[in-house]
Amino acid sequence: MTYDAIILGAGGAGLMCAAVAGQRGRRVLLIDHSPEPGRKIVISGGGRCNFTNRQSAPERYVSANPHFARSALGRYTPRDFLDLVERHGIAWHEKTLDQLFCDGSARQIVRMLLDECDAGDVTLRLGEAIRDVDHADGMFAVTTDRGRYAAMKLVIATGGPSIPKLGATGFAYDLARRFGLKVVEPRPALVPLTLPPGEALFRELAGVAAPVVARCGTAAFAEAALFTHRGLSGPAILQVSSYWRHGEAVAIDFLPGRDKGWLLAAKRVAPRASLRKLLGEAVPDRLAATLAEQLGAGERLADTRDAVLSEWEARLRAWSFRPNGSEGFAKAEVTVGGVATAGLSQKDMSARHLPGLHVIGEAVDVTGWLGGYNFQWAWASGWAAGQAI
Ligand code: FDA
């Protein structure tokens, strides 16, 4: 069977690309080995799909080339996706930090994309395992366990290896390499970090969350951190995990929003107060107790020298954790790294040396922050390729 374009992977990026190309009159085949399209969409955002973020801009994406995403993100914006959502009558709401969610179910987003594919007469083949892909005489041929298909254009939209139990694989990287593209080392991202046994005291805080600023290198995120049985989680930690590398420290500011010199000022106002009690105003009690214990704080601030109080405050503003790993691809929401952008056109995601080949979505070395940025990349890169194939 011959098509104008074959798209591998019916996730957010592949569905968007197929719908756009189909509606431009292209004969499109969309293949996925999973029996269900858009599985990550269905479970995303706690079942409500955080489908975009109003602040989507290249600075909020991690990539070896931070400018690469600019063109696609600029041409297909959060407003464009919102218009589509509204055209389909899907009710939505805005949460904190410019994150947009469905009021109802994430399944509405999958339904919407499938309807858009229908409008473009896209042929969808689900539950079909890809056995081989080759390229000869200007045509790509895809052999599956059920047939052989050919097209002049091939789009790799099979995502990254995060959450294998949802059908995620590193297939995109293998295929891209076979066609001469380079791959930036993939790492789990938006993932909880694990702490070594030496940090056992903090593991006893499992379940405790606090508003913090988490920092790793130059990245800083003011959101909640959560202590877990294995280490650290919560939005602030998931965010810094995308920047974290083995051996690096993560610094946590437990006093965001408190003025510098807070502890010294507190000593003047309430000399009889303990550090533990004072900290209890900033963070949950159990965490306040652990932090005070780790600092070796006594009963009364009045009994502690100013220099020591300043030292404590400095530690509380940059408490250093040295994670020994992350919870890995099994728990990672996304993958940092992927098909190197250097080999791709930022306009239409095509391979520079093989223009009929395109790579879109999470498979590419472009990874968004937590909060709807990754779907916006899936839509925008899918749209860009869909316009070109
Ligand atoms: P995606 O992984 O969605 O799709 C790839 C498709 O390719 C899948 O359908 C898969 O079955 C198929 N495939 C893989 N290997 C194959 C092979 N060998 N042969 C054939 N098919 C193959 N982002 C966001 O912006 N807001 C949010 O709320 C969330 N929430 C969220 C929750 C959870 C639990 C996860 C795991 C992830 C998120 N994300 C998110 C991230 C978001 O889901 C992700 O960035 C996009 O789904 C990526 O879209 P893609 O289409 O590129 O890949």
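Quick note: the coordinates plus some simple rules give every number you see, no bench work behind them. Predicted model only: the values in this text are computed from it and were never measured. In this analysis, Cβ positions are derived from the backbone assuming ideal geometry, glycine residues included, and neighbour counts consider all displayed protein chains.
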Dipole magnitude of the chain, debye to nearest 20 (Cβ charges: Lys/Arg +1, Asp/Glu -1, about Cα centre): 440 debye
Dipole of the chain [Lys/Arg +1, Asp/Glu -1 at C-beta], most positive-end residue of THR367, THR77, ALA380: THR367
Rg over Rh [alpha-carbon atoms, Kirkwood Rh] for the stretch 344-384: 1.01
If you project the alpha carbons of the chain onto their three principal axes, what span does each projection cover, largest first, in Å? 82, 41, 33
J(HN,Hα) series, the stretch 313-329, from Karplus relation 6.51 cos²θ - 1.76 cosθ + 1.60, nearest Hz, glycine and proline x: 4, 4, 5, 5, 8, 8, 5, 8, 10, 10, x, 9, x, 10, 7, x, 4
What do you get when you divide the Cα radius of gyration of the stretch 96-197 by 2.2 N^0.38 Å, with N the number of residues? 1.41
Assigning unit charges at the beta carbon (Lys, Arg +1; Asp, Glu -1) and nothing else, what dipole magnitude in debye, to the nearest 20, does the stretch 193-326 show about its Cα centre? 100 debye
Residue by residue, what Karplus-based ³J(HN,Hα) values in Hz, rounded to whole numbers, does the stretch 146-154 have, using 6.51, -1.76 and 1.60 with θ = phi - 60° and x for Gly and Pro? 10, x, 10, 10, 10, 6, 7, 10, 10
Between the stretch 269-302 and the stretch 317-357, the alpha-carbon center distance in angstrom: 41 Å
Cβ-based exposure ranking for CYS49, CYS216, in which fewest neighbours within 10 Å come first: CYS216, CYS49
Starting with the fewest neighbours, write out THR158, THR143 ranked by other beta-carbon atoms found within 10 Å of each beta-carbon. THR143, THR158
Can you work out the FRET efficiency for the pair ALA265 and ARG79, with r the C-beta to C-beta distance and R0 = 45 Å, to the nearest 0.05? 0.50
Would you kindly give the portion of the calculated P(r) for the stretch 193-326 that falls above 19 Å, as a percent of all Cα pairs? 47 percent
Residue-averaged [θ]222 nm for the chain, counting only DSSP H segments that reach four residues, each worth -39500 (n - 2.57): -8500 deg cm²/dmol
Using the Karplus equation 6.51 cos²θ - 1.76 cosθ + 1.60 (θ = phi - 60°), what ³J(HN,Hα) coupling, rounded to whole Hz, does each residue of the stretch 231-242 give in order, writing x for Gly and Pro? x, 10, 8, x, x, 4, 6, 4, 4, 6, 4, 5
Give the calculated FRET efficiency between SER34 and ARG315 to the nearest 0.05, with a Förster radius of 41 Å applied to their Cβ-Cβ distance. 0.30
With the dipole of the chain defined by +1 on each Lys or Arg Cβ and -1 on each Asp or Glu Cβ, the option from HIS67, GLN294, GLN239 whose Cα lies farthest towards the positive pole is GLN294
Residue exposure sequence - MET16, MET1, MET349 - by fewest surrounding Cβ within 10 Å: MET1, MET16, MET349
Note down the nm distance, to one decimal, between modelled labels 7 Å out along Cα→Cβ at GLN55 and at GLU204. 3.7 nm
Which of the trypsin sites (Lys or Arg not before Pro) across the stretch 200-261 are loop residues per DSSP, with 13 or fewer other Cβ within 10 Å? ARG245, LYS260
